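Everything on this sheet refers to the single structure shown next.
All of the numbers you see were taken from the coordinates with simple rules; none came from a lab. All values derive from a computational prediction rather than experimental measurement. Cβ placement follows ideal geometry from the backbone for every residue including glycine, while neighbour counts extend to all protein chains displayed.
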Amino acid sequence: GAGVSQSPRYKVAKRGQDVALRCDPISGHVSLFWYQQALGQGPEFLTYFQNEAQLDKSGLPSDRFFAERPEGSVSTLKIQRTQQEDSAVYLCASSLLGQGSSEAFFGQGTRLTVV
Amino acid sequence: AQSVTQLDSQVPVFEEAPVELRCNYSSSVSVYLFWYVQYPNQGLQLLLKYLSGSTLVKGINGFEAEFNKSQTSFHLRKPSVHISDTAEYFCAVTLSGSARQLTFGSGTQLTVLP
């Protein structure tokens, strides 16, 4: 497809369960970002990749959160031992260049509900 | 670190009326500014961006925004809104130069009434 694709669109996890969220960026895009959007809030930065290198993970809220992009394309955000406060929409964005001026294209997000 | 403030969490307006959504930012260095729109259960779509040059920026769907450096503002305007403009609008900022993450405001829900 032409856009950023995220799967699954919806995920319900029991507290303590591990989850994996997938992001397929636009082909050829160098930069990839993960954001967390809590209900009624703006997205908040989690982590940033340039190709396969994770250049910034300062936004990851705890060591239960882990992200990877091993071949510089598809990325996975993994959350271990999910907690209720992890319930949010997780957004992935990609941009062509590694520059702030390069437009970021967002996926539709994965809505995670921890019960 | 930079921050973004959207003072109005909800803005109701009648169809065909003008609207202004306010955005103020805080940063000690040069920034790029963006407005995104989010429709229900959708991702974010870029409306417009300010990188440099003319302070009046025109975007899609008839929206425009004006960068005011002295007031550190980037307000979004549309002279005549439609029902289809009902959505959540986010102002965002990033540091100019190399790739950096976007810092978003908390959003403004625009509701256009018939």
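Observations on the structure shown:
- A:Gln54 paired with B:Ser9, simple spin-label distance in nm, labels 7 Å along Cα-to-beta-carbon: 3.4
- Prolate/oblate/rounded label for chain A (Cα gyration tensor, a/c 1.5): prolate
- Placed amide H near A:Thr113: partners under 5 Å, 5+ positions off or other chain: A:Lys11, A:Val12, A:Ala13
- Point-charge dipole on Cβ atoms (K/R +1, D/E -1) for the protein assembly as shown, about Cα centre, debye to 20: 380
- Label-to-label distance, nm, for residues given as B:Gln2 and A:Leu96 (7 Å Cα→Cβ offset): 2.1
- Per-residue ³J(HN,Hα) for segment A:80-87, Karplus 6.51 cos²θ - 1.76 cosθ + 1.60, θ = phi - 60°, Hz, x for Gly and Pro: 9, 6, 4, 10, 4, 5, 7, 4
- Placing pseudo-labels 7 Å out from each Cα toward the beta carbon at B:Gln71 and A:Gln84 gives an inter-label distance of 4.3 nm.
- Assigned charges on the beta-carbon of Lys, Arg, Asp, Glu; segment A:5-114 dipole about Cα centre (debye): 460
- The charge dipole of segment B:3-113, taken about the Cα centre with unit charges on the Cβ atoms of Lys, Arg (+1) and Asp, Glu (-1), comes to about 420 debye, rounded to the nearest 20.
- Charge dipole (chain A, unit charges on Cβ, about Cα centre) - positive-most of A:Ala20, A:Pro61, A:Ser95: A:Ala20
- Separation between Cα centres of segment B:20-39 and segment A:20-78, rounded to whole Å: 22
- Projecting the Cα atoms of B:Leu110, A:Ser31, B:Leu76 onto the charge dipole of the protein assembly as shown (Cβ charges, centred on the Cα centre) puts A:Ser31 farthest toward the positive pole.
- Summarised in one figure, the compactness ratio Rg/Rh of segment A:20-72, Cα atoms and Kirkwood Rh, is 0.97.
- Each eigenvalue of the Cα gyration tensor of chain B, multiplied by 5 and square-rooted, gives one semi-axis; in descending order these are 24, 14, 12 Å.
- Amide H contacts for B:Val81 (H built 1.01 Å from N in the peptide plane; partners 5 or more residues away or on another chain; cut-off under 5 Å): B:Glu16, B:Ala17.
- Rounded to 5, percent antiparallel among DSSP beta bridges of the protein assembly as shown: 90
- Dividing the convex hull volume of the alpha-carbon atoms in the protein assembly as shown by its residue count gives 122 Å³ per residue.
- Here the 3J(HN,Hα) profile of segment A:57-65, calculated from phi with Karplus coefficients 6.51, -1.76 and 1.60 at θ = phi - 60°, is 10, 5, x, 5, x, 7, 6, 7, 9 Hz, Gly and Pro shown as x.
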